[in-house]
Structures are given as C-alpha cells and as structure tokens.
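Nothing in this text is a laboratory measurement; each read-out follows from the coordinates by a stated rule. Quick caveat, the model's predicted, so the values are computed rather than measured. Neighbour counts are summed over all protein chains in view; Cβ atoms, including those assigned to glycine, are modelled from backbone coordinates with ideal geometry.
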Amino acid sequence: MKLLVNFSRGKGRKPIIAQVVRDTGVLINVERAVIDSSEGEALIDVPDDQCKLVSDTMISLGARVHILEHSVSLDESECVDCGACISICPREVFSFDPEWKLSLDEKRCVLCGKCVDACPSHALTTPV
C-alpha cells in the first residue's frame, strides 16, 4: 500500500522514516521524496498488512499521512488512447493492450504528475 507522508522539519531534523523502520521493523520502500530545510513529502510503499502500524507510528512522530487507495486514475470515457502518457511516464505505468486501448499498472506509479500534464483530453487524475 502506498502512503503519502508530509512532515515539517521545524521541530528538528529527526529521521522519521528511519525511526519508523527501527521502531516497527517494517521495511519501507521510498518511491519519491522531496525534502528541503523546512518540510518534506515522501511517497512510500509498505506491505498492506503493516500499513496501519506504519501510518500510526508516523502520525505519532508528527507526520501527516494520507493512505492512497489509488494512484493515477483513468477516466475511460474521456481517454482517446493517444499514448501521450506512455511516452512521458518515467515508470512505464501505461501501455497499450492488444486492441490498442490504454491500460495502466497503478502499482508502478510514483505520482510525479507528468502524465496528467501531458494528457490532451484530461482523462488522468491523481489523488493529490
């Protein structure tokens, strides 16, 4: 399961993700992170059965956590199957099926937003 974690560094420079791994024993895959001197945002992937434990532990350390049921969403009624998202996506989330209809593998998505910006028919959205 993917979690979007936001945290402020105003209260110190604690290594939140490392502390959660140490305290819970759950291995965390960081898929994307943007961190500066005052705040940070990380998209992490954790085992589904450990999601609540990791989320609760991060919240107890002062982070805001958003559990992502879905990453990128495709509105098939708006999609024209042009493939613009295929060429721009750095994680190969999109492909054509044998009938040349667009298909996607949400699990590969890191919410970079490039596909949303590239879609000429506005058929793609992300939860954030």
Using a basic spin-label model with each label point 7 Å from the Cα along Cα→Cβ, how many nm lie between H70 and S87?
2.7
Karplus-derived HN-Hα couplings along region 72-87 (A = 6.51, B = -1.76, C = 1.60, θ = phi - 60°), whole Hz, x at Gly and Pro:
8, 10, 10, 8, 4, 6, 9, 5, 10, 6, 7, x, 4, 5, 5, 6
Under Stokes-Einstein, with the Kirkwood radius over Cα pairs standing in for Rh, what whole-number D in µm²/s applies to region 73-125 at 4 °C and 1.567 mPa s?
119
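Can you give the calculated 222 nm mean residue ellipticity of the chain, where each DSSP H run of n ≥ 4 adds -39,500 (n - 2.57) and the sum is split over every residue, rounded to the nearest 500 deg cm²/dmol?
After summing the helix terms and dividing by residue count, I get -6000 deg cm²/dmol.
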To test your reading of the geometry: what angle, between 0 and 90 degrees and rounded to tens, separates the Cα axis of helix 51-60 from the longest principal axis of the chain?
50
For the chain, what is the relative contact order in percent, using Cα pairs closer than 8 Å and at least 6 residues apart in sequence?
25
Cut-off 10 Å between beta-carbons: net charge of the residues surrounding N6, Lys and Arg +1, Asp and Glu -1
-1
With a 10 Å Cβ neighbour count serving as the proxy for reagent exposure, in which order, fewest first, do H66, H122 appear?
H122, H66
Placing unit charges on C-beta atoms (Lys and Arg positive, Asp and Glu negative, everything else neutral), compute the dipole magnitude of region 9-128 about its Cα centre in debye, rounded to 20.
860
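Based on the alpha-carbon set only, what is the convex hull volume of region 26-77 divided per residue, in Å³?
116
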The chain: Cys lacking any partner C-beta under 4.7 angstrom
C51, C79, C82, C89, C109, C112, C119
Listed candidates (i) 8.6; (ii) 7.6; (iii) 9.2 - label of the one calculated as mean projected area of the Cα convex hull in nm²:
(i)
List, in order, the whole-Hz ³J(HN,Hα) value for each residue of region 97-112 obtained from phi through the Karplus relation with A = 6.51, B = -1.76, C = 1.60 and θ = phi - 60°; use x for Gly and Pro.
7, x, 8, 6, 9, 5, 10, 9, 10, 3, 5, 7, 5, 10, 6, 6
Measuring from its Cα centre, region 53-103 shows a charge dipole (+1 at each Lys and Arg Cβ, -1 at each Asp and Glu Cβ) which, in debye to the nearest 20, is 340
Projected onto the charge dipole of the chain (+1 at Lys/Arg Cβ, -1 at Asp/Glu Cβ, origin at the Cα centre), which of V21, V93, L111 gives the Cα projection farthest towards the positive end?
V21
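Where nothing but the Cβ of Lys and Arg (+1) and of Asp and Glu (-1) is charged, how large is the charge dipole of region 2-68 around its Cα centre, in debye to the nearest 20?
Computed charge dipole of region 2-68: roughly 300 debye.
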3J(HN,Hα) from dihedral phi, region 29-35, Karplus parametrisation 6.51/-1.76/1.60, rounded to Hz, x for glycine, proline
9, 8, 8, 7, 8, 10, 9
What is the distance, in nm, between label points placed 7 Å from the Cα along the Cα-to-Cβ direction at D97 and at V80?
2.2
